[in-house]
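Here is the structure we will look at.
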Amino acid sequence: KRVVVFISGGGSNMMALLAATEAADFPAEIVGVISDKASAGGLAKAEAKGIPTFVFERKFYAGKAEHEAAVLAKLGEIAPDLICLAGYMRLLSADFIRSYEGRILNIHPSLLPLFPGLHTHQRAIDAGMKVAGCTVHFVTEGMDEGPVIAQSVVPVLIDDTPETLAARVLTVEHQTYAAALKLVASGKVSMRGDGSVERLSSE
Ligand code: GRF
């Protein structure tokens, strides 16, 4: 399966996916990286691994529709089977998502449906959570609400700050995203038309 990764920042999740896809038996290959930020640190990391990168800065486009049209045109050339959002800090329109229905994955740094949106680690600490974690889900029109593919849990420690918790969650994000991509790329997990997740195996 051909995968394009979308980033806006450091791209540590992108790098984890890249490392996983280097395994000979991994059912996907990363064929491109798209960013909405020329400053995204992940771009240089992708280029160092020989992955083509493409930047679409939002400010150069009249509106969201024009910005997405440019991204969709590039995707049409690359022809990915799957899109992995990895620290991509922009909401995709319903039209964009419909173009890749059931084929867009995202990683979110909380145990959805808890704490959709931003500042998830501060909110988990404020809520007195004893566990936190991450969720890989199929992207649907609402933000951070699509059917769940994989989740991982980490403890919240008594002296945790948002930074220490974020670091602990980030390490499990990397392994969780790689596992989730393998499940979807291998066809073991897919999204049904009604938005539910179909699991074709116990794994
Ligand atoms: C991570 O916490 C991820 O969950 C969120 O963006 C943060 C940075 O990700 N989506 P990365 O290091 O750019 O992959």
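The values are calculated or read from the model by the stated rules, or taken from the named source; none is laboratory data. Predicted model only: the values in this text are computed from it and were never measured. Cβ sites come from the backbone with ideal geometry, for glycine too, and all protein chains shown count toward neighbours. What goes into the accessible areas is simple: the full protein's heavy atoms, side chains included, and nothing from ligands, DNA or RNA. Shrake-Rupley method; radii C 1.70, N 1.55, O 1.52, S 1.80 Å.
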Quote the accessible area belonging to residue 159 in square angstrom, nearest 10, computed with a 1.4 Å probe and with ligands, DNA and RNA left uncounted. 120
Provide Rg over Rh for the stretch 1-74; use the alpha carbon set for both Rg and the Kirkwood Rh (inverse mean inverse pair distance). 1.01
Based on alpha-carbon atoms only, what is the radius of gyration of the stretch 81-203 relative to the globular estimate 2.2 N^0.38 Å? 1.06
Loop-located GluC sites (Glu not before Pro) in the stretch 1-99, at most 13 other Cβ atoms within 10 Å (DSSP): 22, 57
Relative contact order for the stretch 26-117, counting Cα pairs under 8 Å that sit 6 or more residues apart, in percent: 21
Expressed as a whole percentage, what fraction of the accessible surface of the stretch 1-102 belongs to carbon and sulfur atoms when a 1.4 Å probe is rolled over the protein heavy atoms? 56
Quick one: of the DSSP bridges fully inside the chain, what percent are antiparallel, nearest 5? 45
Order 119, 108, 174 by their accessible area, 1.4 angstrom probe, all chains in place, largest first. 119, 174, 108
Contact order normalised by length for the stretch 80-203, with contacts defined as Cα pairs under 8 Å and 6 or more residues apart; what percent is it? 22
Using the Cα atoms as the points, what is the convex hull volume per residue of the stretch 1-135 in Å³? 128
With the other protein chains left in place, how much accessible area per residue, in square angstrom, belongs to the chain at a 1.4 angstrom probe? 46
